[in-house]
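Asks: I have a structure here, written as structure tokens, and I will follow up with some questions on it.
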Amino acid sequence: MSWSWQYLDNGGQVIDSPVEPCVTSAFPSQSDAEAYVSDTWRELRASGISAVTLVDGDRVVYGPMSLDSE
């Protein structure tokens, strides 16, 4: 299993090459992936990422989840 995030722009389109701090593309566990977004969501949002979707291999686990603070 390979846990990763899909990063989405304001229009809901997947960002293929996200900018910093989105350098981490794979995580060993769901909790590691969730901790990453929990720790960096403000930076991700500031870099133009509007939402994220958690993926395990080819399977969508959940999302899209908005990064808006409201």
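Asks: In segment 25-70, what residues are over 17 Å from TRP3 (Cβ atoms) and part of a loop (DSSP other than H, G, I, E, B)?
Replies: Passing the criteria: SER47, GLY48, ILE49, SER50, LEU67, ASP68, SER69, GLU70.
Asks: Report every pair of residues separated by at least 6 positions or lying on different chains whose Cβ atoms are under 6 Å apart, first residue within segment 40-60 and hydroxyl-bearing (Ser, Thr, Tyr), second buried (at least 16 other Cβ atoms within 10 Å of the Cβ).
Replies: From residues that are hydroxyl-bearing (Ser, Thr, Tyr), the pairs are SER50/LEU8; THR53/GLN6; THR53/PRO64.
Asks: So in segment 1-53, with the set limited to residues that are small (Gly, Ala, Ser) and surrounded by 15 or more Cβ atoms within 10 Å (Cβ to Cβ), which one is modelled with the lowest pLDDT?
Replies: Initial filter on segment 1-53 (small (Gly, Ala, Ser)): 2, 4, 11-12, 17, 25-26, 29, 31, 33, 35, 38, 46-48, 50-51.
Filter once more, keeping what is surrounded by 15 or more Cβ atoms within 10 Å (Cβ to Cβ): 4, 33, 47, 50-51.
Numbers: SER4: 92, ALA33: 95, SER47: 87, SER50: 94, ALA51: 95.
In this case the residue turns out to be SER47.
The values are calculated or read from the model by the stated rules, or taken from the named source; none is laboratory data. All values derive from a computational prediction rather than experimental measurement. Every residue, glycine as well, gets a Cβ built from its backbone with ideal geometry; the counts of neighbours run over all protein chains shown.
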